[in-house]
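The values are calculated or read from the model by the stated rules, or taken from the named source; none is laboratory data. In this text the structure is predicted, and so the values were computed from the model without any measurement. Cβ placement follows ideal geometry from the backbone for every residue including glycine, while neighbour counts extend to all protein chains displayed.
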């Protein structure tokens, strides 16, 4: 896989290069860039399959590079040291990222995933989705990318009624009646959707308060949803759920 | 005055000889470059200025109080300027002019204008007049002063200052209120101001009280004035102070004149801000006779600050206010009846609010306790990685470094809750790092009936106990050390336990440095949040080891 590495620190580039050479021999690093401009030129020149892209690069971000590139015919693995906002956006778009310092195991896994995506040619247009999400103001209702095996669905957070955990999988129940299975644990979506107002009513249930009809006293506490579903509320969460719904 | 304007207007069409096509400051009438008269109208030395095409804007007539023969010209990013004057041929020899750059270098020193640009012919508007060039000057980033007089009036010197430097936003250095003290009783503001100027700013006649941004002032008769001090830019006279009051009805504006600046200070009489309301003080340059090419714009830099004035004195109500008050009272009566009806509901809500507030406090305390737990282990771990690097065990160094990063991130991330899977991974990371140093054995297990992926527990709950188990339990036992961690489900309870085979300690004694006090504190804080599902801590310690058991009752 022809790969370009982008990071504003040369040491990080070198490091990643060494790790890739050691753990991912199928990766061929065709160029490295420490600035957005350089990266832009290199991408235009080499047409890589894969990009390792640092999010925070001085005053610019890796997202700025993506904004400039109209044709995104490559996969991206974001690399970041500590950037809550950036990672959040990447997660919403269901894209892949690595944390610095890079764990060789995670690096191998990320390359494996990228390989499959390149092979299957999943063109989810996720990068454009990511950019559109970043552009939006905080007031607008965000969308979330739900990657399934052969397609990626972009769902408005407002259309999610609830999520149910099934071991390391998560079922999404949408307002139009659709039920989608995603191969990521509920915890991950709870972290993304709690800031959007969602409530973890139970270890296995994440609920959108907009679709809660009433609070039933049966079984120590149950939520009745507008579509008739009943969701148990576990004891440790009871007060918190009441508080959120009381508002 | 009129005469001069006519003079100015009439000569424009006749100046075709010096036309520059790329000049952007063109006369509207004929498309020729504009000549600005920059000597004062009362001067007998008419000096004209032409700017180049680089110039963004020009303000050609700004007067200071004090000198009636002085004019200030401000230019925006000009490169070169051209100066000239029109003189009757018979009086050519009486004029003397100097051009001084940046107050230090004489470019021209008391010279007679000699270079003739144009002779006005007999039938023209100005027969017998010569247009004399005073020269072209590079003005990039400069201040140019032109001094000119006509003999024999050697002391009637006209001064023209041309500034071609960026206008800076005025920098407010001080803002204070001056309050009356005993010494000033019975004196008017102007008398006090005079006295202040005479005796220095920190005058003992008035009490100085700094004014902070956004401060609320209770107005009283003892407040005499507000003093604003700005950095001396050399051109302070162009900065105007505007005081805007946003009262209940419409904004009121007061613009103070430039002559009010005394050195770099301005005094604002309390009369200007004695009415209650929100005040905004803006200090911005005000340029006179500004000329900007069509389509261009100029934004002047400004500085502002706010304060609020309230009136303590009781006021009689106006009819409008009485009406409003009656509405409010009426509303209140209605509200109270609603309140009585919903009394029970309300009370419950208040309790809930109080509870959530208590919870909020507990959460904050929890946050601070957690950051205290931020382990000294971090540095030992770094030393361990350093050791691996020095031994050239690069793969291991990489592995431990990423583990270390994961642990650090978890401490920094301040997550409230963490899944059992993630907790297990962190404990594993931690133990692997410590194992590197001490060589003990360990095992982490969870009962199969636990949904480890989805059950969450408070983050960093076990970590401090585990640190104790390593440090005081197994550290000295080397490879004989053993730590056992279990997540067990008993009915609806979740039990987390850590067992080590160290030498144990007396649980009744208060061990400093064991971090136990902190952890106990933390558990009691957690209990104030999760009231219905209390956390129970049980520590059993003996010669054969120590078991720490945390029971999360009714958690599942």
Exercise for the section: Check residue B:111 against each of (1) in contact (Cβ under 8 Å) with a residue 24 or more places away in the chain; (2) more than 27 Å from residue B:237 (Cβ to Cβ) and name the one condition it does not meet. Expected result: (1)
Exercise for the section: Determine which single condition residue B:386 fails, assuming it passes every other condition in (1) within 14 Å of another protein chain (Cβ to nearest Cβ); (2) modelled with pLDDT of 75 or more. Expected result: (1)
Practice task
Take region B:398-419 and flag every residue that is within 10 Å of another protein chain (Cβ to nearest Cβ) and assigned to a helix (DSSP H, G or I).
Solution key: B:398, B:399, B:401, B:402, B:403, B:404, B:405, B:406, B:408, B:409, B:412, B:413
Exercise for the section: Return yes when residue A:96 is away from chain B (no Cβ under 14 Å), free of Cβ contacts under 8 Å to residues at least 60 places away in the same chain and on the phi > 0 side of the Ramachandran plot and no when it is not. Expected result: no
Handout entry: Residue list for region A:215-235, restricted to those being away from every other protein chain (no Cβ under 14 Å) and assigned to a loop (DSSP other than H, G, I, E, B)
Key = A:217, A:226, A:227, A:228, A:229
Problem - Condition met for residue A:208 (surrounded by fewer than 19 Cβ atoms within 10 Å (Cβ to Cβ) and either more than 24 Å from the chain's Cα centre (by Cα) or in contact (Cβ under 8 Å) with a residue 12 or more places away in the chain (or both)) - result: no
Completion exercise
The one condition residue A:240 fails out of (1) touching a strand residue (DSSP E or B) at 6+ places or on another chain (Cβ under 8 Å); (2) more than 10 Å from every other protein chain (Cβ to nearest Cβ) is (2)
Problem - Hits in region B:112-129 - residues which are outside any loop (DSSP other than H, G, I, E, B) and under 26 Å from residue B:78 (Cβ atoms) - result: B:115, B:116, B:117, B:118
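Here's the yes/no breakdown for (1) touching a residue at least 40 places away in the same chain (Cβ under 8 Å); (2) outside any helix (DSSP H, G or I); (3) buried (at least 18 other Cβ atoms within 10 Å of the Cβ); (4) within 13 Å of chain B (Cβ to nearest Cβ):
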position: A:116; (1), (2), (3), (4): no, no, no, no
position: A:129; (1), (2), (3), (4): no, no, yes, no
position: A:133; (1), (2), (3), (4): yes, no, yes, no
position: A:150; (1), (2), (3), (4): no, yes, no, no
position: A:171; (1), (2), (3), (4): no, yes, no, yes
position: A:190; (1), (2), (3), (4): no, no, yes, yes
position: A:194; (1), (2), (3), (4): no, no, no, yes
position: A:213; (1), (2), (3), (4): no, yes, no, no
Practice task
Exactly one condition in (1) in a loop (DSSP other than H, G, I, E, B); (2) under 27 Å from residue B:59 (Cα atoms); (3) touching a helix residue (DSSP H, G or I) at 6+ places or on another chain (Cβ under 8 Å) is not met by residue B:132; state its number.
Solution key: (1)
Practice task
Count, please, the residues in region B:467-495 that happen to be closer than 11 Å to residue B:548 by Cα and surrounded by fewer than 22 Cβ atoms within 10 Å (Cβ to Cβ).
Solution key: 3
Exercise for the section: Report yes if residue B:473 is more than 14 Å from chain A (Cβ to nearest Cβ), free of Cβ contacts under 8 Å to residues at least 60 places away in the same chain and farther than 16 Å from residue B:420 by Cα, otherwise no. Expected result: no
Handout entry: Enumeration of residues in region B:422-460 that are crowded, with 20+ Cβ neighbours inside 10 Å, more than 13 Å from chain A (Cβ to nearest Cβ) and out of contact with any helix residue (DSSP H, G or I) (no Cβ under 7 Å at 6 or more places or on another chain)
Key = B:431
Handout entry: Single residue of region A:105-114 satisfying the filter (surrounded by 18 or more Cβ atoms within 10 Å (Cβ to Cβ) and within 14 Å of chain B (Cβ to nearest Cβ)) that is nearest to the chain's Cα centre (by Cα)
Key = A:110
Problem - Tally, over region A:73-90, of residues that are under 18 Å from the mean Cα position of the chain (by Cα) and away from every other protein chain (no Cβ under 14 Å) - result: 8
Exercise for the section: Inspect all residues belonging to region B:40-57 and state whether any of them is crowded, with 23+ Cβ neighbours inside 10 Å and touching a helix residue (DSSP H, G or I) at 6+ places or on another chain (Cβ under 9 Å). Expected result: no
Problem - Qualifying residue in region B:428-435 (condition: within 44 Å of the chain's Cα centre (by Cα), without any contact (Cβ under 8 Å) to a residue 60 or more places away in the chain and under 22 Å from residue A:104 (Cβ atoms)) - result: yes
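Listed here are the residues, each with its yes/no results for (1) more than 30 Å from residue B:240 (Cα to Cα); (2) modelled with pLDDT of 70 or more.
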residue: B:305; (1), (2): no, yes
residue: B:309; (1), (2): no, yes
residue: B:319; (1), (2): yes, no
residue: B:323; (1), (2): yes, yes
residue: B:333; (1), (2): yes, yes
residue: B:350; (1), (2): yes, yes
residue: B:367; (1), (2): yes, no
Practice task
Within region B:503-521, identify whether any single residue is modelled with pLDDT of 85 or more, under 30 Å from residue A:202 (Cβ atoms) and surrounded by fewer than 20 Cβ atoms within 10 Å (Cβ to Cβ), and answer yes or no.
Solution key: no
Exercise for the section: Might you let me know whether region B:89-97 holds any residue that is touching a strand residue (DSSP E or B) at 6+ places or on another chain (Cβ under 8 Å) and closer than 23 Å to residue B:235 by Cα? Expected result: no
Fill in the blank from the handout: Going through (1) away from every other protein chain (no Cβ under 14 Å); (2) touching a strand residue (DSSP E or B) at 6+ places or on another chain (Cβ under 6 Å); (3) closer than 27 Å to residue A:1 by Cα one by one, residue A:183 fails only at (1)
